[in-house]
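The values are calculated or read from the model by the stated rules, or taken from the named source; none is laboratory data. Quick caveat: nothing in here was measured; it's all calculated off a predicted structure. Cβ atoms come from the backbone with ideal geometry, glycine included; neighbour counts cover every protein chain shown.
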């Protein structure tokens, strides 16, 4: 009997590895500092916020690629199906978390203003944030919803752009990025400190990976990327550029010029890291990203992100919170155990079933694409997204 050909799948195991790295970085910045002897992790904590930027880069590349793949297969982009799948992917677990927070507010267990809760529910929490938002602890347990708001705003923007505009999208995204950057420079020059959680201050880190995804659909550019964009050289070049910008290498000559661009170098490099591992599924870096523990954490990353704040409330003292629920579990190792346990329950009982329902209500146009909550049986090489376009 001839062997059965592997089914095609849109699952990219390396993306779960990147998600795991992103969520671990977020947990690090929300954790209390580690101290081992005379050494601590304070020098690394300040880079934990880049975990959110890495999540944005993953979303930009993945969403843009899926939309374009659907158009290539059926000739158009089905906007309604896209929204249904996104709704069932994001909202059920978020609503479960917000329901628990609402119960704790009503029970008097936490002191959270309802305006922050409603901001999280209706995805405008990032517009409520300002430098004094957490005085007295108000908004602490819903503050992380600012990233979900930015993501949802991006989904609306990119889906409508791609639905109504079919030609010259690369030029459009490139132009948008230039306009946004100029507007931000002008705003910084003439206004106060930027409110960095607002969508118009973050959207470029989602649009840039979308631009990279579009460029990789061009056969000539994709072929060049497969040849030159290998994971290890990309990581090394990023490390060198970042070290130069931080003044670690040749500080007297270069630091003054490149220092303002250090964070941008790191943020924009994420798109190239992700693209390099997607295009080279057999590379050492990609194989490391696909080890089972990282893939497992990556699949749980969204639920971990939602629920960890409830158990990381020991850090709440920095925001003026004097009492928090489950404070006895806010210290090591209980907060890690509780976060993992609740995230697993959220993933297997809420996320995964509802994602499947969303895909049943609005099936993807890609042949054989299975939901990302399922691990495919075939090897990564079987995925059409990993092969160069003809």
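Points to keep in mind about this one:
- Within the option set 95, 104, 128, being modelled with pLDDT of 95 or more, more than 20 Å from residue 55 (Cα to Cα) and touching a helix residue (DSSP H, G or I) at 6+ places or on another chain (Cβ under 9 Å) holds for one residue only, 95.
- Failed criterion for residue 195 (all others in (1) modelled with pLDDT of 90 or more; (2) more than 20 Å from residue 59 (Cα to Cα); (3) within 21 Å of the chain's Cα centre (by Cα) hold): (1)
- Listing of helices (runs of 4 or more DSSP H) fully contained in the range 3-75 that carry 2 or more residues being within 21 Å of residue 147 (Cα to Cα) and at pLDDT 90 or above: 13-30, 50-74
- Among residues of the range 32-49 that are free of Cβ contacts under 8 Å to residues at least 12 places away in the same chain and on the phi < 0 side of the Ramachandran plot, those with a Cβ under 7 angstrom from a residue that is surrounded by 12 or more Cβ atoms within 10 Å (Cβ to Cβ) and in a loop (DSSP other than H, G, I, E, B), sequence gap 6+ or separate chain, pair up as 34/41; 40/34.
- Of the residues 369, 332, the single one that is at pLDDT below 95, part of a loop (DSSP other than H, G, I, E, B) and surrounded by fewer than 18 Cβ atoms within 10 Å (Cβ to Cβ) is 332.
- Hey, residue 89 in a loop (DSSP other than H, G, I, E, B) and either closer than 23 Å to residue 206 by Cβ or modelled with pLDDT of 90 or more (or both) or not: no
- Scanning the range 307-328 finds one or more residues that are out of contact with any strand residue (DSSP E or B) (no Cβ under 9 Å at 6 or more places or on another chain), at pLDDT 85 or above and surrounded by fewer than 22 Cβ atoms within 10 Å (Cβ to Cβ).
- Candidates 125, 112 - the one that is in contact (Cβ under 8 Å) with a residue 12 or more places away in the chain and within 20 Å of the chain's Cα centre (by Cα): 125
- Residue within the range 345-357 that is under 20 Å from the mean Cα position of the chain (by Cα) and at pLDDT below 85 present: no
- The residue list 260, 233 contains one member that is modelled with pLDDT under 90, part of a helix (DSSP H, G or I) and surrounded by fewer than 15 Cβ atoms within 10 Å (Cβ to Cβ), which is 260.
- Against the test of being in contact with a helix residue (DSSP H, G or I) (Cβ under 6 Å, 6 or more places away or on another chain) and more than 29 Å from residue 266 (Cβ to Cβ), the options 77, 118 yield a single qualifying residue, 77.
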